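The values are calculated or read from the model by the stated rules, or taken from the named source; none is laboratory data. What you see is a predicted model, and the numbers here were worked out from it, not measured in a lab. Counting neighbours? That spans all protein chains shown, and the Cβs are built from the backbone with ideal geometry, glycine included.
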């Protein structure tokens, strides 16, 4: 290598301390800012990270990330920036001692060579990821020991840290709360007006123009219960009719129970 190339390579090299990884081809350094991509490899994307139309590597993204962590845990990496990708991230070639990290990931079978050529012929030996049970050689069968058969161990399910918890009940924001309160206010205003109009017609003896009780109870059912009870007390309308009061009481109980049930469901989970 000529002297100018040696000087350029030295200027672009740096150390990466306390490396951490989001996936199997990404590296962050505690002494530097921003994420970097390892040169020449492509690892499986984390759930939801594969953009539509892009060819993403098949495989277990968590196994690839964990293998990369094993290769770099407790080590200071020596890296050289080779290029910059379309997202502005540095593309780096890193080694831990004599082990080239990109080559070790390819050798583990958890990443594929892609985007750039790598010289892995002189790669030092490095333990690869442990084989799965399906890949291990069968072991000699041993005679079962007498005693109770233990319960099977449930399969471990790995959930990404950024996966949101399912919402049981969506609590509306300030804007939606205002609209709900405005709607309830309008319903109660209409309910009060219906009771007042029916009272006036009853006093005037206009029985044919009276408002049906089912309509009054219907307005109470959709949210006008407070106005219905207040109108019964203030206007003294329907207050002496037991069948109407019992129906309104049943509606009020159902609404109150529904509110209590939703609140319990939300806050007890």
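Within region 49-67, does at least one residue satisfy the condition of being in contact with a helix residue (DSSP H, G or I) (Cβ under 6 Å, 6 or more places away or on another chain) and either surrounded by fewer than 20 Cβ atoms within 10 Å (Cβ to Cβ) or at pLDDT 90 or above (or both)? Walk me through it before giving the result.
Here is the first cut: in region 49-67, the residues in contact with a helix residue (DSSP H, G or I) (Cβ under 6 Å, 6 or more places away or on another chain) are 67.
Cutting the leftovers down to either surrounded by fewer than 20 Cβ atoms within 10 Å (Cβ to Cβ) or at pLDDT 90 or above (or both) gives us 67.
The answer is yes; a qualifying residue exists.
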Next on the checklist: Between 215, 238, 245, which is assigned by TED's automatic domain parsing to the domain that holds residue 183, within 21 Å of residue 185 (Cα to Cα) and more than 38 Å from the chain's Cα centre (by Cα)?
Outcome noted: 215
Next on the checklist: I want to confirm something. Restricting to region 93-111 and keeping residues that are within 30 Å of the chain's Cα centre (by Cα) and either in a loop (DSSP other than H, G, I, E, B) or not assigned by TED's automatic domain parsing to the domain that holds residue 26 (or both), which single residue is surrounded by the fewest Cβ atoms within 10 Å (Cβ to Cβ)?
Outcome noted: 109
Checklist outcome for this item: Per the filter on region 30-39, residues more than 24 Å from the chain's Cα centre (by Cα) and either more than 19 Å from residue 88 (Cβ to Cβ) or surrounded by fewer than 18 Cβ atoms within 10 Å (Cβ to Cβ) (or both) are 30, 31, 32, 33
Checklist outcome for this item: All conditions in (1) loosely packed, with under 14 Cβ neighbours inside 10 Å; (2) over 20 Å from residue 75 (Cβ atoms) are true of residue 44 except (1)
Checklist entry - Would a scan of region 254-265 turn up a residue that is assigned by TED's automatic domain parsing to the domain that holds residue 182, closer than 30 Å to residue 179 by Cα and more than 37 Å from the chain's Cα centre (by Cα)? => result no
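From the list 262, 168, pick out the single residue that is surrounded by 11 or more Cβ atoms within 10 Å (Cβ to Cβ), part of a loop (DSSP other than H, G, I, E, B) and at pLDDT below 90.
Working: 262 fails: part of a loop (DSSP other than H, G, I, E, B).
Matching residue, one of 262, 168: 168.
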